[in-house]
Amino acid sequence: MVIEVKVNIVQKTLTPALSRFAGERVTRARGLRLLRVFALCACVFVPTRLFAADLYPLTVLSYPDRPAKLPLWLARDAGLFEKYGLKVDIKAPKSGEDLVERISRDEAQIYVATANWIVSGIGDGKDLVFFANTGYSVLKLVARPEITRSQDLRGKKVGTGELNSSQDRITRQALQRLGLNPDRDVTLVPFGSRSIQRLDALLQGEIDATTSNEDNLFELARRGEMNKIRVLADNESLKLFIGAGVDFAVTRSLLANSRDVVKRFVQALSGAIGLARRERAEADRIYARYLNVKDPALLEFMYRTYVQGAIPERPYPKLDNVALGIEEFGTKPGLKGKRAEDLTDQSLVRDLEKEGFFNPLSHKPAEHGTRAE
């Protein structure tokens, strides 16, 4: 980097102090050269990351705020994006529909959301590819206390999302993995997209079972009301790690033309995951700032559930999430004949793994779920 220093010299000689150092015969030209040397030396010791011109600019659209987005937030706050030569501007759409609209206007190079919203944009003609995932919302299948096993759900009412929504598909898959036919063995009762609505309906006796995220169950336990429900299954027992995930997609043109830029983005995310696992205070700070979580018990729960659980050490993209989006929006023209594999690139994380990048990042590996192969 070349820096030009302009100095206005109003005297024919230097100051007395500098004259004594260099001699009375120092001329204006020599003084100017000396000052230029001082300026150049100072620039050598300024960290490269401070020169914004050296950082590759990236715009990221992220919606909504979820606990598993900790790596994205921490990578920004801890300066990890700058460490890897990136200047990342994170913007927040107002809703899923707003996100899809912004995708249609090409407002970013990277999009972070539950896969189905991004898949919808791909269906509308946008050429995006999934390259990473930093976790999912932890869910459990819960029922009235007297229902002790999944087979007892036959003939019962099960709360779900609107027909053909992602939540509806998740509920159906959960029931199928328990050996139940969602169309014959139970009566599905649709609610809105929020799991707290379905949990409240269960507590009020309107339904017999539903899925609920772990956060709502934490609040229920804190109120001493866990005896009002029974947990029948969870992500681990169902081997179901989809829905409300944190999926990352990039424009295919950026990946093709500047692959190293996207790879450095993954390095920053992975570095943030390792940092959060090593230093819990960093995770607590992020949850306090971005999700307004201040309660010590809730922070402990968040760290255990997400940092040590749902957030993977190696952020491989998840094919199941993308496949769920294709199921939901498969009638859109841009998805005709597409499979999840066609919209996913695992090579960035795989290359980092082969290079040994992940080995020194964390001493607390805690993998949950399957990754895309």
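Taking 25 Å as the limit for the C-alpha separation, the pairs Lys156/Lys336; Lys83/Lys354; Lys69/Lys332 exceed it in the case of Lys156/Lys336; Lys69/Lys332. Each peptide in 275-282, 172-179, 72-79 was scored by the mean count of other Cβ atoms within 10 Å over its residues; highest first, the order is 72-79, 172-179, 275-282. How many angstrom lie between the Cα centre of region 238-281 and the Cα centre of region 72-112? Answer, in whole Å: 12.
Remark: Val119, Val100 ranked as Val100, Val119, counting other beta-carbon atoms within 10 Å and listing the fewest first. For the peptides 319-327, 144-152, the ranking by packing is 319-327, 144-152, with the highest mean count of neighbouring Cβ atoms within 10 Å listed first. Note on Lys83 and Asp127: their simple-model spin labels are 3.4 nm apart, each label 7 Å out from Cα toward Cβ. Using C-alpha pairs under 8 Å with a sequence gap of at least 6, the mean separation divided by the residue count of region 139-238 gives a relative contact order of 46 percent.
If R0 equals 35 Å, the separation of the Cβ atoms of Asp295 and Asp98 corresponds to a calculated FRET efficiency of about 0.70.
Read the figures in this text as sums done on the coordinates, not as results from a lab. The structure presented is a predicted model; accordingly, all values stated were derived computationally and were not measured. Here the Cβ is made from the backbone with ideal geometry for all residues, glycine too, and neighbour counts use every protein chain on show.
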